Amino acid sequence: MLEFDGLRKAYETNQVLQGVSFRVAPGQMFGFCGSNGAGKTTTMRIAMGLARADAGEVRWNGDPVDEAVRRRIGYMPEERGLYPKMKVGEQLAYFARLHGLDAAAAKRSAELWAERLGLAERRGDKLEKLSLGNQQRVQLAAALVSEPDVLILDEPFSGLDPVGVDSLAEALLEQCRRGVPVVFSSHQLDLVERLCDAVGILARGRIVASGTVTELRSAAVDRQLRVVVPDAPTGWAAGLPGVRVVSEQRGDTVLELGPGTDDQQVLAAALATGRVTHFAWREPTLVELFRDAVTDTRSATGTQEVAA
Amino acid sequence: MTAPARPDVTPRTPTQLVRLVAGREISTRIRDKGFLIGSAVLIALILGMLVFQVAIASGTDTTRIGVVGGSPALGEALEAQGDALDTEVTVTGYDDEASARSAVEDGDVDGALLSPSGAQPELLVESGGGQTETLVQGAVQGLSISEQLARAGVQLDAPTTVDVVALDPDADADLEAAVVALVAVFVLYTLLFLFGQFVAQGVVEEKSSRVVELLLATMKPWQLLAGKILGLGLLGLVQMLVIAVIGVVGALAFDVVDLPGRLIGTVLSVVAWFVLGYAFYASVFGAAASLVSRQEDLGSVLGPVSILLVVGFFFAVPSAQDPTGTLATVASFVPGVSPLVMPVRMAAGAAQWWEVVAAVVLMLVAISVIIRIGGRIYAGALLRTGGRTKLRDALTAERA
């Protein structure tokens, strides 16, 4: 279990993290979302020992993450970085060795990962000769080459084309199947929604929502029902008890049901108007959940500021 | 739950990490074109100096003189004159004027002396007489004077000779050793600059490419810096030794120096001072370089710290001329300057043993201080990318 516990961090007067806590179970893919400047990178850098937390700690299997544990973490920094003039194969083997593999195992692993990520023919080339997309693959290979126990990746998908996204996603899912907890940050929420078992939304230095996507959805208050009734007259649902019409356009109606309102009565009313081509609860997308979560804190902090 | 333990994964000790970093530095640098060309130029320069020395040293020439009908006394007189004029004389006898004439024309001899004991001796030369003329003139006149005196009945005693007393018998050797030391210090200065520069470039490369974040996730800043300095230092030392061996072997083979023992001693002391100087300057250059994030900005931080090295080199030359002077004596104790001045004074025999010990101790103290402060600056500035980090910020930063 990888635990982030009450991380606080201030740069001079700027409180970047105000108690960030979340847990990632082995084999879990944890998507870390938040607006720009929310503190995602700082959180990850603290885990990697590149920044020091003012309070709180990161634990792996109950023990604080120290240098020995970090050697077993695969890390991809937000600012990509490798030796531009070093050959791809040698570079991967070097990082494998720094992470504790002996020379022979490092060489084998470097070859293996270059091959898996489609870089087999580029092993002998200097990194700077590769396209940006391929450099990104090398960066990922550098994080994976030591077969780490934990993966922490800062915006691993940014700058990848759809094919690249798919192959990276596949590589990460495979790590999860091995039992490795994977934490990655991303702005691409559809991707997070598709890949992640659990999501944490960071806003203003706090985790404002976390859990599985399903949990987040059920926690969302305003669930909406979409009913498409092409033959219905305008305002067909307006009179139904406990129902609020959110929008209506040529029979495509979005409704919000009050507590205790039976959706089957709505269906009956819809059928009474004629054909029903669509009747379904609309699941809020992660984008909507994210927007809600972030807006909530904004108004909350707003009030705090007024109170203070 | 723990992920499956791998048998081929072992925890890394600091020594192992430092060795890994050093190994990477060596294997990368040894294949670097700039490094290879630089090394080749330096070695070519040393060989060039040797050839130049050999060319100058072979300046003692010989004067070949042909004689028709000479006497043993004439041969002796010619050789005596040759000694006075600092030239070796070879005398070849010819049977007649014609064969002597053709020898001069063919360049077999520099001049041919005809009827030396006659009333009117004649010297045949190709064109101008020059040194040959002076030599033959002196010999013939001397011979004729002693013959006239003998005919007049004057009995000559053996002429009085002068005893030579050398006040400083080692002076020539001291000068020679100082010159050798100066050449060696020049190499030392070049290599200090070169390898200090390599350390600095390496530090900035890791910062500008941001690879430093990945590295620091596996090791501490001091391990990274130590590995870099040790790896490049080893390479520098090997290069210093290669040049030293070429220089010494070449000098001995071409007989450029008179005292091989002193030459080797001087070269060894310069190699030892290189180790001290490198430890000092590599730490300074490495720490200074960590303050900037781009190669273009390197000049602005290396400029001020290079001054000490340049000053040291400018003190080395007057120290060879006046190794006991105040300037040389003081400079040979100043840490950072001492590696460039003390070897020269030592070579010239102007430094007492305790002076050398004192200079080494001062240097070691300075190195330990530099490593401590430099390491702190490096650790504080390493993760601050973008722009130039202020020295004070770096010193107080630790890991923010």
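Only the coordinates and a few stated rules stand behind these numbers; no lab work does. Since we're looking at a predicted model, the values are computed, not measured. For neighbour counting, all protein chains shown are included, and Cβ atoms are generated from backbone atoms with ideal geometry for every residue, glycine included.
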Report, in degrees rounded to the nearest 10, the 0 to 90 angle that the Cα long axis of helix B:171-208 makes with the longest principal axis of chain B.
30
Tally the DSSP beta bridges in the protein assembly as shown and give the antiparallel ones as a percent, rounded to 5.
60
For region B:116-123, Karplus-derived ³J(HN,Hα) couplings (6.51, -1.76, 1.60; θ = phi - 60°; whole Hz; x for glycine and proline) come out as x, 9, x, 5, 10, x, 10, 10
Out of A:E155, A:E283, A:E147, any idea which swings most in a Gaussian network model of chain A, alpha carbons joined below 10 Å?
A:E283
Put +1 on the Cβ of each Lys and Arg and -1 on the Cβ of each Asp and Glu in chain B; which of B:F195, B:W273, B:V311 then has its Cα farthest toward the positive end of the dipole?
B:F195
How do A:R244, B:R345 line up, fewest other C-beta atoms within 10 Å first?
A:R244, B:R345
Over the Cα atoms of region B:172-397, what is the Rg over Rh ratio if Rh follows Kirkwood?
1.03
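Given the convex hull of the Cα atoms of region A:221-282, what is a quarter of its surface area in nm²? List each step's numbers first, then the result.
Values: hull surface 14.4 nm².
Mean projected area for region A:221-282: 3.6 nm², to one decimal.
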Report the antiparallel proportion of the DSSP beta bridges in chain A as a percent, rounded to a multiple of 5.
70
Could you tally the net charge around B:V21, taking each other residue with its Cβ under 12 Å from the Cβ of B:V21, Lys/Arg +1 and Asp/Glu -1?
+4
Determine the calculated [θ] at 222 nm for the protein assembly as shown from helices alone, applying -39500 (n - 2.57) to every DSSP H run no shorter than 4 residues and normalising by the residue count; nearest 500 deg cm²/dmol.
-18000 deg cm²/dmol
At 20 °C in a medium of viscosity 1.002 mPa s, chain A has a Stokes-Einstein diffusion coefficient, with Rh taken as the Kirkwood radius over alpha carbon pairs, in µm² per second, of 97
Return A:Y11, A:Y94 ranked ascending by Cβ neighbour count within 10 Å, so the fewest neighbours appear first.
A:Y11, A:Y94
Straight-line reach check, A:K107, cutoff 18 Å on alpha carbons, 8 or more apart in-chain or any other chain, hits among lysines -> A:K87, A:K126
Of A:L17, A:L216, A:L267, the most mobile residue in a GNM of chain A (C-alpha springs, cutoff 10 Å) is A:L267
For region A:270-276, take each phi angle, set θ = phi - 60°, evaluate the Karplus expression 6.51 cos²θ - 1.76 cosθ + 1.60, and give the result in whole Hz per residue in order, putting x for glycine and proline.
5, 4, 5, 7, x, 5, 10
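Would you mind estimating how fast chain B diffuses translationally, via Stokes-Einstein at 37 °C and 0.692 mPa s with the Kirkwood radius over Cα pairs, in µm²/s? Please report the intermediate quantities before stating the final value.
Details: Rh = 26.2 Å.
In µm²/s, the coefficient is 125.
Please give the average number of partner chain Cβ atoms lying within 10 Å of the Cβ of each residue in A:63-75, rounded to a whole number. Write down the numbers at each step before the final one.
Details: counts 0, 0, 0, 0, 8, 2, 0, 4, 8, 6, 2, 1, 4.
Per-residue shielding by partner chains comes out at 3.
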So, over other residues within a Cβ distance under 10 Å of A:V69, counting Lys, Arg +1 and Asp, Glu -1, the net charge is 0
More than 51 angstrom apart: percent of Cα pairs within the protein assembly as shown:
44
If you rank B:F285, B:F313 by fewest surrounding Cβ atoms within 10 Å, what's the result?
B:F313, B:F285
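When Cβ neighbours within 10 Å are restricted to other protein chains, what is their mean count per residue of peptide A:78-84?
6
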Whole-number D in µm² s⁻¹ for region B:272-333, Kirkwood Cα-pair radius fed into Stokes-Einstein, 4 °C, 1.567 mPa s
98
Here region B:13-20 yields Karplus 3J(HN,Hα) values (6.51, -1.76, 1.60; θ = phi - 60°; whole Hz; Gly and Pro given as x) of 8, x, 4, 4, 5, 4, 5, 4
Excluding residues fewer than 8 positions from A:K40 in its own chain, the lysines with Cα under 29 Å of it are A:K9, B:K207, B:K220, B:K390
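How big is the Kirkwood radius of region B:284-400, worked out from every pair of different alpha carbons and given in Å to one decimal? Before the final figure, lay out each step's value.
Working: mean 1/r = 0.0638 Å⁻¹.
It works out to 15.7 Å.
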The set of residues whose placed amide H lies less than 5 Å from the amide H of A:G6, leaving out same-chain residues fewer than 5 positions away, is A:V20, A:S21, A:F22
Show the residues, 5+ positions off or on another chain, whose built amide H is closer than 5 Å to the amide H of A:A209.
A:I201
Have a look at region B:64-151 and give its Rg and Dmax from the Cα atoms, expressed in angstrom.
12.1, 39
By average Cβ neighbour count within 10 Å, what is the ranking of B:249-260, B:178-189 from highest down?
B:178-189, B:249-260
When you look at the Cβ of every residue in B:203-215, what mean number of other chain Cβ atoms sits within 10 Å?
5
